[in-house]
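Nothing in this text is a laboratory measurement; each read-out follows from the coordinates by a stated rule. All figures in this text were calculated on a predicted structure; none of them were measured in a lab. Cβ: placed from backbone, ideal geometry, glycine included. Neighbour counts: every protein chain shown.
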Amino acid sequence: MRYLVVERAQRVVDHVRDDQRSDAPGAAEQPDRGGRPQQEDVYRVSWRRIIGPSADVLCDTGDVEWLSAAEAAGELGVSERQVRRLAQAGLLPAQRLGDVWLVNAFAVRDRARAAPVAGRPLSAPMAWAVLMVADAALHNPQGSSEVHLQHALEKIADRSDRHRLRSWLAVAPAPDRWAHWLARRASRHRVWVHPGVLERIVADPRLRPGGGFAAAARGAGIAAGPPRRFYINDHDVDAVLDDYKARLDTEGDIELMVITSDVPAAFLPPASEPVPLAVALTDLLDSADAREQHVATEQLGRARDALRSTA
């Protein structure tokens, strides 16, 4: 059993664990609070956390570890107000005791691990420019990265955009952050389709298979089943949904990655074939399969190191 002593003013100042004795300094100084365990009793339980100078709540927390709003804010990198908003919206499991919020520590740490990387993702055109250059480096690792970069720059008409691409490549984040960095390459939508039309969808030239299927097809060294993720131009979405009697469904088996119309045609992946390797590897960064994540991180890391050296 665990007890949590909640107090109002100061923040966390003490932890008390099993191996601390009930005769620890100050243990006898705590007066009885209306039938609740005295200080000696609290010292005997698994742990105690003090959040202020005078306790006004004592509750059995079971096996759950709780954080104050301030602690949760520190772990998430947000304000205490934002933590309270998340708790009130039900996005963080929490309990409110008077004016004190207690937030489930596991949920906070899980959210922190899944939190997006700080900084804004690249625009859709710039994300595809980066992917185009990275893909060239992946396919010719022994070649000159400067050649890959120049080839990509030739496709960018605007001089300021060419400069921006060089600048972004020079500070490219670690590959495990590329899923966020390049998130605007496409907007993700789940759809439901009848299983009987899946073969037709795979063969549709408007749909470019991505994810594990594309990575396997491009020689990433993984095994994959039928494609479930497809990249599609935004002007084709309505027609495809109509043709296959598909509908948007958050639990659908098919993912449509919709590419916005502001991406230059020179940056778009070729039609009627799986997306380029760099795109497929970026997809795998979100995979639930640890091996696929490792393959993606390793291969994108090599491309990133080569390109950073020339940017």
inquiry  = Quick check: from the Cα gyration tensor, does region 124-308 come out rounded (a/c under 1.5), prolate or oblate?
reply    = prolate
message = Suppose every Lys and Arg Cβ carries +1 and every Asp and Glu Cβ carries -1, with no other charges. What dipole size does region 124-308 come out with about its Cα centre, to the nearest 20 debye?
response = 500 debye
note = Amide H contacts under 5 Å for Trp66, restricted to residues at least 5 apart in sequence or on another chain and with H modeled in the peptide plane, are Ala105
key: Fewest-first ranking of Trp168, Trp192, using other Cβ atoms within 10 Å as the exposure measure   = Trp192, Trp168
Cα gyration tensor shape of region 248-311, rounded if a/c is under 1.5, else prolate or oblate by comparing a/b with b/c = oblate
task = Answer with one residue from Trp178, Ser261, Ile222: the one whose Cα lies farthest towards the positive end of the charge dipole of region 155-311, charges on Cβ with Lys, Arg +1 and Asp, Glu -1.
result = Trp178
Packing rank of 103-109, 158-164, where each peptide gets the mean count of other beta carbons within 10 Å, highest leading = 103-109, 158-164
query = If one computes the Cα centroid of region 169-188 and of region 245-311, what distance in Å separates the two points?
reply = 10 Å
Region 215-271: C-alpha gyration tensor shape, a/c 1.5 cut-off, then a/b vs b/c = oblate
